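This report refers to the structure that appears directly beneath it.
Derivation of every value follows stated rules applied to the coordinates shown; laboratory data play no part. Just so we're clear, the structure is a prediction, and the values are computed from it rather than from any experiment. Please note: Cβ atoms are built from the backbone with ideal geometry, for glycine as well, and neighbour counts cover all protein chains shown.
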Amino acid sequence: METPAFTPAMFLAVLPELGLLVLAGLVLFADILLRRRRERDLGLLTFGGLLLVAGLTLVFSRPNLVPELVFGGMLRMDWATYVFRLVFLIGAAISVLFTMDSDRRIRGGAFYLLVIVSTLGMNLMAASADLIMLYLAIETTSIPLYVLSGALVRDQKSTEAGIKYMLFGAFTSALMLYGFSLLYGFTGTTQMYALKDMFDTGAIPTAALVLVALLILIGFSFKISAVPFHFWAPDVYEGAPTPVAGYLSTASKAAGFAVLLRFLAVVFPDLYPSWLLVAILAVSSMIAGNVLAMTQKNIKRLLAYSSIAQAGYMLIGVAAGTELGYTSSIFYLISYLVTNLAAFGIVVIVGRTVGSDEIASYAGLSRRSPGLALALMVALLSLGGVPPFAGFIGKLFVFAAAVQADMIWLALVGIVNAVFALYYYLVVLKVVWLNRSENEEEKIPVTRPWALAVVVCVAGMLLLGTLFAPWYQWAMQAATAF
Amino acid sequence: MTIQQVFFLAVAAITLFAAVMVVSTRRIMHAALWLILALFGVAVSFALLETGFFAVVQVVVYIGAIAILIIFAVMLTRQVFLDVGPQLNRGWWIPAVLVAGLYAALVGVLSTWSGFQTQAAALPEAASDLSQFGLALVDVNAYAVPFEVASVLLLGALVGAIFVASDRKGVER
C-alpha cells in the first residue's frame with residue numbers, strides 16, 4: 001500500500017491523541033492551581049475532557065471510506081481505528097466517573113494523568129500500522145497501567161499487583177519484541193501492510209513464520225489475559241484499586257484485541273490453518289476461567305476469572321477468521337465494555353461503604369440499595385449471556401461466526417461454558433437478593449458521578465441488547481477495514 | 001568460521017553469563033556491576049554490527065547514566081544489601097523446559113531459512129551518516145510520530161515514578 005506524503009489534514013488523524021495530550025497538561029496544571037476542592041474538580045475535568053475528545057473524534061476523525069496510511073505509514077486511518085478509539089475513550093471516561101469519590105488515596109492529578117496517557121497509548125495501539133509505532137504504543141499503554149495497579153502504595157496487595165503486572169508484562173513484551181525483530185530480520189521492513197508481500201518474495205519457511213506468530217501471540221495473549229497467559233489477572237484485579245481493575249479488564253483488553261485482530265488479519269492471513277492456536281486459546285480460556293471462577297469468595301477475583309472466560313468467547317470470533325467472526329468479536333468487546341465496567345463500578349460503590357470485596361458481604365444488598373442490586377443483576381445476567389441484555393447478542397454472534405466457519409465444536413464448547421458460567425453469576429445474585437444481613441437499614445450512598453456511570457452502563461447494556469443493528473453496523477465496518 | 005564470528009560468540013557468551021549473574025547473585029550491588037558488564041557486551045555487539053553510534057550511546061546512556069543511577073539508588077535506599085530467601089520455586093523447571101524447547105525450535109527452523117547462512121554485507125559508507133538518522137526522527141513522513149510518542153511515554157513514566165515514590169513521605173491522609 002502506498003503511503004501518501006504528509007499533508008496538514010493528517011493532523012485530523014491524530015486529533016484524539018493531541019486532545020488527550022492537551023488534557024493531560026491541563027490536568028497537571030489544574031492539580032497545582034486548584035488547591036481546594038480539587039479532588040472532585042480534577043475528576044470532573046478529566047471526565048469532561050475525555051468526553052470532549054470522544055466527541056471531537058466522533059465528528060472530525062471520521063475516516064474516509066478508503067483507508068489511508070498517514071505520517072509515513074506509522075498510523076492507519078480506518079474504521080477499526082475509529083471504533084476502537086471511541087471504545088477506549090468512553091471506557092476511560094466511565095472509569096474516571098467511578099474513580100471519583102472512590103478512595104481518597106487514588107485521586108489527584110497524577111492518577112488522572114496516568115489514565116489519560118494510557119488511553120492515549122491504547123488509541124495509538126488501535127491505529128498503529130508499523131511495528132515500531134505499535135511497540136511504543138503498547139508500552140505507552142502498559143507502563144501507566146503498571147503504576148495505576150500499584151497506586152495504593154501502602155497497601156501490600158496493591159503493590160504486589162503492580163509489581164506482578166509489570167514483571168509479567170515485561171516478560172511477554174520481550175517475547176513479542178523478539179517476534180517483531182525476527183519479522184524485521186526476515187523482511188527488512190517494519191510496515192505491517194508491507195510484511196505479507198515480503199513473506200511471499202523472501203522464501204521464508206512457513207514453520208519460521210508460525211513460530212514468529214506464536215511469539216507475537218504470546219504478547220497479545222497477555223494483554224487480553226487469555227489462558228495460559230492469565231496468571232497475573234486475578235491477583236492484579238484483586239490488588240489494584242477497583243476502578244483501575246475495571247479499566248484493565250475492559251479498555252486494556254479491548255486494546256489487546258484491536259492489535260490482535262489487525263495483526264492476524266493483515267500480517268498472517270496466509271497462516272490461517274495455524275489460527276487453530278487461537279481456537280485452542282479460546283477453549284482453554286473459557287474452560288479455565290469458568291471453572292476457577294466457581295470457587296471464588298472474593299467478587300473481584302470472581303470477575304477476574306469471568307473476564308478470562310469472556311476473553312475466550314471473544315477469541316472464538318477471532319479464531320473463526322471470517323468477516324462475521326471479526327465483527328462478532330468487536331461487537332462482543334463493545335457489549336463487554338459497558339457490562340464489565342458496570343460490574344466493577346458496583347464493586348467500587350459497595351466496597352466504599354461495606355469495606356470488603358467478599359461476596360458474603362453483599363448479603364442484603366437488595367434491601368440496602370435496590371437500585372444497585374438491580375444494576376448488578378443486569379450486569380451479571382449480561383455477562384452470563386441472558387437476553388435482552390448486551391452479552392446475549394454478543395455471544396449469539398460469536399457462536400454464529402464459529403458455526404459459519406465450520407467450527408461447530410468451538411461453538412458447542414462455548415455454549416456449554418456459557419451455561420456453566422451462569423451458575424456462579426447466579427450464586428452472587430442469590431447472595432444479593434435472598435441472603436439477609438443484620439444491617440439492612442443502612443443505605444449505601446451513591447454519589448451523582450457513580451449514579452450517572454451506572455445508568456449509562458445499564459442503558460448501554462439494554463441498548464446493545466435490543467437495538468443492536470446500528471452498533472453491529474459499526475462493528476462490521478470496523479471488521480472489514482483492517 | 002571467521003575471526004569476527006569467534007569474537008561475536010565470545011562476546012555473546014560473556015554478555016549472557018553476566019546477564020544470568022545479574023538475576024542470580026544475592027548481593028544487589030554485585031548485580032548492578034554485572035549489569036554494567038552485560039550492557040557493555042551489548043555495546044560491543046553494536047560495534048560488531050558496524051553501528052558505532054549505538055555502541056557509544058549504549059555506553060554513555062546505559063552504563064554512564066542508568067547503571068550508575070541504579071548504583072546510587074541502591075546506596076541511597078536499601079539498608080540491607082543481601083537478598084535472603086529462596087530464589088527458585090518448585091515449578092522452576094516448567095518454564096525452563098518450555099523456553100529451552102522454544103529456543104531449540106527457533107534455531108532449528110531458522111537454520112532452514114536461506115538467510116541463515118548469509119554473510120553480513122559490509123555497510124555502505126553513507127550508513128554512518130548520522131544526519132540521516134536525526135532527520136528521520138523528526139520527519140513527519142518517517143519517525144516523527146513514534147519519536148513524539150516516546151516523549152509522551154517518558155512523561156507518563158516520570159509522573160508514574162513520582163506518584164509511586166512521593167506518597168511515602170506524605171502523612172497518612
Simple label model, 7 Å out from Cα along Cβ direction - residue A:200 to residue B:96, nm: 4.7
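Counting Lys and Arg as +1 and Asp and Glu as -1, each charge on the Cβ, what is the dipole of chain B about the Cα centre in debye, to the nearest 20? The partial results should precede the final answer.
Numbers: 7 positive and 8 negative charges, 184 e Å.
I would put it at about 880 debye.
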Given a 10 angstrom Cα cut-off, can you work out which residue in B:74, B:109, B:44 is the most mobile in a GNM of chain B? B:109
Quick check: pseudo-label points 7 Å beyond the Cα along Cα→Cβ at residue A:419 and residue B:69, how many nm apart are they? 5.8
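What FRET efficiency, computed as 1/(1 + (r/R0)^6) with R0 = 25 Å and r the Cβ-Cβ distance, is obtained for residue B:48 and residue B:112, rounded to the nearest 0.05?
About 0.50, to the nearest 0.05.
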Which distance in Å, rounded to a whole number, links the C-alpha centroids of the stretch A:158-174 and the stretch A:187-219? 27
Taking the Cα centre of the protein assembly as shown as origin, work out the dipole magnitude from +1 charges on Lys and Arg Cβ and -1 charges on Asp and Glu Cβ, in debye rounded to 20. 2060
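What are the DSSP H helices in chain A that stretch 24 Å or more along their long axis, judged by alpha-carbon atoms, and whose average Kyte-Doolittle hydropathy comes to at least 1.0?
Working: long enough: A:15-33 (26 Å, 2.12); A:38-60 (31 Å, 1.18); A:79-99 (30 Å, 1.79); A:109-127 (27 Å, 1.74); A:131-149 (27 Å, 1.56); A:156-187 (46 Å, 0.60); A:206-224 (26 Å, 2.43); A:276-293 (25 Å, 2.24); A:299-320 (32 Å, 1.05); A:323-354 (46 Å, 1.32); A:408-433 (37 Å, 2.00); A:448-466 (27 Å, 1.75).
TM-like helix candidates: A:15-33, A:38-60, A:79-99, A:109-127, A:131-149, A:206-224, A:276-293, A:299-320, A:323-354, A:408-433, A:448-466.
Of A:164/A:443; A:223/A:443; A:157/A:223; A:253/A:443; A:395/A:443, which pairs sit farther than 32 Å apart, going by alpha carbon to alpha carbon?
Correct reply: A:164/A:443; A:223/A:443; A:253/A:443; A:395/A:443.
Tell me, what is the FRET efficiency for residue A:396 and residue A:323 to the nearest 0.05, using R0 = 22 angstrom and their Cβ-Cβ distance as r?
On the way: r = 16 Å, r/R0 = 0.75.
Calculated value: 0.85.
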In the stretch B:84-173, which GluC sites (Glu not before Pro) are in a loop and have at most 11 other Cβ atoms within 10 Å, using DSSP for the loop call? B:172
Under 5 Å from the placed amide H of residue A:130, counting only residues 5+ away or on other chains, we find A:192
What is the sum of charges, Lys and Arg at +1 and Asp and Glu at -1, for the other residues whose Cβ falls under 15 Å from the Cβ of residue A:481? +1
Per-residue average of other protein chain Cβ atoms inside 10 Å, peptide B:137-144 -> 5
Let me know the mean shielding of A:204-214 by other chains, meaning the per-residue number of their Cβ atoms within 10 Å of its Cβ. 4
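Could you list A:393, A:330, A:163 so that the one with the fewest beta carbons within 10 Å of its beta carbon is first and the one with the most is last?
Sorted ascending by nearby Cβ count, the order is A:163, A:393, A:330.
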Chymotrypsin sites (Phe, Trp or Tyr not before Pro) within the stretch B:76-138: which are DSSP loop residues with at most 15 other Cβ atoms inside 10 Å? B:81
Positive dipole terminus of chain A, leading residue within A:11, A:435, A:393 (C-beta point charges): A:435
Unit charges at the beta carbon, dipole of the stretch B:23-129: most positive-side option, B:77, B:120, B:59: B:77
